[in-house]
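This report refers to the structure that appears directly beneath it.
Please treat every number below as a calculation from the coordinates, not as lab data. Only a predicted model underlies this, so the values are computations on that prediction, with no experimental measurement involved. Virtual Cβ from ideal backbone geometry, glycine too; neighbours counted across all protein chains shown.
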Amino acid sequence: MKISIRQLFAVAAVSLSTAASAWVVTPTDVTFTNQENIVIPAKLFKPAGAGPFPAVVMMHGCSGMFSNSDPSKGVANLYREWGDRMVMQNYVVLLVDSFTPRGTQNECGNGSSGVSEVNARRYDAYGAYNYLSGQAFVKAERIGVLGWSHGASSTMATMDVANIAGGVKPFKAAVAFYPGCGLYNAFGGISGSTWAPYSPMAIQHGTEDDLYKDGKCGTRVSRASQAGANVTLTPYTGARHSFDMATAVTGSFTTADVSAKSTADAVTVNHFNSYLKN
């Protein structure tokens, strides 16, 4: 996938402006019911006007939707940044809260005993799809899904070809930031992986992330590609887990993280524009 210098600078400019100024979009609180009959809260970001617009479902990471896993502190900056960015690109965004209705705010380190990326959260993603596809301001045939870490693994599970019913491919594109690709040995395990996304999917990882270095994503993607799936794995040299939170070089983030964020943000927007707008 080729990205022009103009596209890179345009997306980077949005990253810097949203980080340095007041948020552009005030999201609306909505709910929907998933296939497990759980009422799922979500934040809806919407451009001005009647639409219809393409849309993206966003799946948060293991620390939940809120800043410091604390609902009183509001939506975490990363998701606010992406809500603004995609609305400015004329997308509707639905940020799904998978944890609050299940009595938790943080699943980091809980492993297979916690909220399941493979099972539970894919129901949330499809519930979000059903909600959006029923809105007059959304193009039902142009909905994608974007996830981070725990939510990126959930995105992988959501996009597996086994989820297709009657030949219908609900999500038309997907992006996963730094997923754990082990997926608890679902989809045939690693060496015999049957996982394959049914729509174009981009996976983005830092090379210093243990979830990249274990090689599981590489094996999953290689086998899926050999089976004919449209899926890519882009490694960012020197970048670590959560590199796309790096708005500046600090004690927490390196130059490699900041550089990777700028490129990966542009890759993500370009991916969705390619498959949801064209």
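Count Lys and Arg as plus one, Asp and Glu as minus one, and take only other residues whose Cβ is under 11 Å from that of A173; the net charge is then +4.
Cβ crowding within 10 Å, taken as a proxy for footprinting-reagent exposure, orders H241, H205, H60 from fewest neighbours to most as H241, H60, H205.
Could you tell me whether segment 136-211 comes out rounded, prolate or oblate from its Cα gyration tensor? Rule is a ≥ b ≥ c as square roots of the eigenvalues, rounded for a/c under 1.5, then prolate if a/b exceeds b/c, otherwise oblate. Please report the intermediate quantities before stating the final value.
On the way: a/c = 2.75, a/b = 1.40, b/c = 1.96.
It comes out oblate by the Cα gyration axes.
Counting only complete DSSP H runs, which helices of the chain cover 18 Å or more along their long axis at the Cα atoms and score a mean Kyte-Doolittle of -1.0 or above? Provide the component values of the computation, followed by the final result.
Values: long enough: 5-20 (22 Å, 1.38); 120-133 (20 Å, -0.94); 255-272 (26 Å, 0.07).
Length and hydropathy pass: 5-20, 120-133, 255-272.
Counting charges near T158 (Lys, Arg +1; Asp, Glu -1) among other residues having Cβ under 13 Å from its Cβ returns a value of +1.
List K46, K261, K172 from most exposed to least, where exposure is judged by having the fewest other Cβ atoms within 10 Å. Could the numbers behind the result be given before it?
Numbers: K46 21, K261 24, K172 18.
Taking fewest neighbouring Cβ atoms as first place, the list is K172, K46, K261.
Taking amide hydrogens as placed 1.01 Å from N in the peptide plane, the amide H of G188 sits under 5 Å from those of T194, each at least 5 positions away in sequence or on another chain.
Hey, what did segment 162-278 get for relative contact order, percent, Cα under 8 Å, at least 6 apart?
Working: 192 pairs, mean separation 29.3, N = 117.
Relative contact order of segment 162-278: 25 percent.
For the chain, a simple Cβ point-charge model (Lys and Arg +1, Asp and Glu -1, everything else neutral) yields a dipole of about 660 debye relative to the Cα centre. Over the chain, dividing the summed -39,500 (n - 2.57) contributions of all DSSP H runs of at least 4 residues by the number of residues returns a 222 nm mean residue ellipticity of -9500 deg cm²/dmol. Quick check on segment 63-102: take the gyration tensor over C-alpha atoms, sort the square-rooted eigenvalues as a ≥ b ≥ c, and tell me if it's rounded (a/c under 1.5), prolate or oblate. Since a/c reaches 1.5 but b/c is at least a/b, the shape of segment 63-102 is classed as oblate.
Shape verdict for the chain, please, from the Cα gyration tensor: rounded (a/c under 1.5), prolate (a/b greater than b/c) or oblate. Walk me through the intermediate numbers first.
Working: a/c = 1.20, a/b = 1.04, b/c = 1.15.
Because its axes are fairly even, with a/c under 1.5, the chain counts as rounded.
The order of the peptides 152-158, 164-170, 206-212 by mean Cβ neighbours within 10 Å, most packed first, is 152-158, 206-212, 164-170. Sequence-distant or interchain residues sharing an amide H contact under 5 Å with I203, placed H: which? Amide H neighbours of I203: A176, T232, L233, T234.
Which net charge results when you count Lys and Arg as +1 and Asp and Glu as -1 among the other residues whose beta-carbon is under 13 Å from that of Y275?
+4
When only Cα pairs below 8 angstrom with a gap of at least 6 residues are kept, the chain shows a relative contact order of 17 percent.
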